[in-house]
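The values are calculated or read from the model by the stated rules, or taken from the named source; none is laboratory data. Everything numeric in this text was worked out from a predicted model, so none of it was measured. Glycine gets a Cβ as well: all are built from the backbone with ideal geometry, and neighbour counts include every protein chain shown.
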Amino acid sequence: MKLGVLANEFFDISTGRMGGFGWATRQVANCFNNDKNLDVEVVFIAGETYGKPNEPDPRIHNTRLILRQRNFWEYARRLWSENFDLILTIDYRPEYRRQFFLLPKTPIITWVRDPRTSEDGLRIKSVRLPNQETIYPKGLDSFDCTSLVSAYQFSERLNRPFLFASTCNFLTYKIKGTYGVQPPQSYLLPNIIDLDPGQIKKTEQPTVVFLARLDPYKRPWLFVEIARHFPDVTFIMLGKAHFEGKGAWEPTSLPNNVKLMGHIGGAEKVKLLSEAWVLINTSIHEGLAVSFLEALKCETPVLSCVDPENVVSRFGVYVGKWEGTGEVAIPYFIEGLERLLTQHKWRTELGQKGRQWVTETHNKEEFIAAFNRLCKIAKKDSSP
């Protein structure tokens, strides 16, 4: 089977953003590329990035990437020549509609990862940088994804299967409010959390990590302010800023116990997550954050002001929703972190239970089983 994975990012610095959508493309490619017995050839399709005429396809994660072309017919012929059996979209963005209409008979699975309803969008827009309330921060605008309706209706008229699958039940309830479509049924397609931390050994002195882009949307300044109240605890920030200049967050005047590590991957990231006592997330909004799953796989509980699928409530401390700068939440973060740092047995149990849940739920085997079920449904739906 030839699988086209359609996305706007691919977890490669040379092609742009290093976010969760790109992480998902990489995991899908590695899953199938590393196991030829699955008999799936993966080809990436760029939703928004353009290439040069007659330029060979770049390769990312050992996978060809088809870039968009200014010449419409040249691009159309390029897509048609692939003879895709299935398109897997990483969530939905308005740029995907062109590919949907150019491949009118190819079944589509939209992997719902970070749906944002209008209510979510308003909450996100409430974010402000500390002491800069008159400046609108960069990166807060959400995409209007209701254009998916026309592509979905187009597919119905052509009897083209168009399925929705999400990483958890919590996200399925946002499908109608985000995309304007209420499918007759939605399905689950779990993440592939394949890191293996082995036996966990925490640092002797407490270490706390932040794993996200250092952009206003994530409100990293809260992590810094929390650190000021725990001078004997090491606070490590993993991630880089996507935005610069006015409206971006600048990590200045950091306390001595805060370390900026930039983008870290592979064994080094696993080591830092495994040694940490707590993962702190200060974002105003999340889907089922991959950082939560990776931390829990490393037996590191989560302290956060978002609680998708009740993951934080089950395997950490949820401090409630807080809008704007989020600074009023700092006392609640401090209280939650004190509990996690001082109650060693409880913290250890949270981490162990979190690891068991991630190991059983978000793994390659569960992903493949769910993916195969979706393929059978798509094939059945396309039958005359």
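Descriptive notes on the structure:
- Boolean, residue 164 is crowded, with 20+ Cβ neighbours inside 10 Å and in contact with a Pro (Cβ under 6 Å, 6 or more places away or on another chain): yes
- In region 169-191, of all residues being under 29 Å from residue 299 (Cα atoms) and buried (at least 20 other Cβ atoms within 10 Å of the Cβ), the one that is modelled with the lowest pLDDT corresponds to 171.
- Some residue of region 41-61 being over 23 Å from the mean Cα position of the chain (by Cα) and buried (at least 18 other Cβ atoms within 10 Å of the Cβ): yes
- Matching residues in region 157-213 - criterion: being touching a residue at least 24 places away in the same chain (Cβ under 8 Å) and among the aromatic types (Phe, Trp, Tyr): 162, 164, 170, 179, 187, 210
- Candidate set: region 91-115, residues that are basic (Lys, Arg) and touching an Asp or Glu at 6+ places or on another chain (Cβ under 8 Å); chosen: the one farthest from residue 376 (Cα to Cα): 93
- Cβ separations smaller than 8 Å between residues 6+ apart or across chains give the following pairs from region 228-246 residues that are without any contact (Cβ under 8 Å) to a residue 60 or more places away in the chain to residues that are part of a loop (DSSP other than H, G, I, E, B) and of a type in the set (Val, Ile, Thr): 234/203; 238/264.
- Taken residue by residue, region 123-133 has at least one member that is under 30 Å from residue 342 (Cβ atoms), in the same structural domain as residue 367 (by TED's automatic domain parsing) and touching a helix residue (DSSP H, G or I) at 6+ places or on another chain (Cβ under 6 Å).
- Test: residue 25 is out of contact with any helix residue (DSSP H, G or I) (no Cβ under 8 Å at 6 or more places or on another chain) and in contact (Cβ under 8 Å) with a residue 60 or more places away in the chain: yes
- Close contacts from region 271-286, counting a first residue that is farther than 26 Å from residue 125 by Cβ and a second that is surrounded by fewer than 21 Cβ atoms within 10 Å (Cβ to Cβ) and of a type in the set (Ser, Thr, Tyr), with Cβ to Cβ under 7 Å and a gap of 6+ residues or different chains, come to 275/203; 275/207; 276/207; 277/207.
- Selection from region 28-41 of residues that are farther than 26 Å from residue 263 by Cα and either free of Cβ contacts under 8 Å to residues at least 40 places away in the same chain or of a type in the set (Val, Ile, Thr) (or both): 35, 36, 37, 39, 40
- Scanning region 216-232 for residues that are part of a loop (DSSP other than H, G, I, E, B) and either buried (at least 18 other Cβ atoms within 10 Å of the Cβ) or among the hydroxyl-bearing types (Ser, Thr, Tyr) (or both) yields a count of 1.
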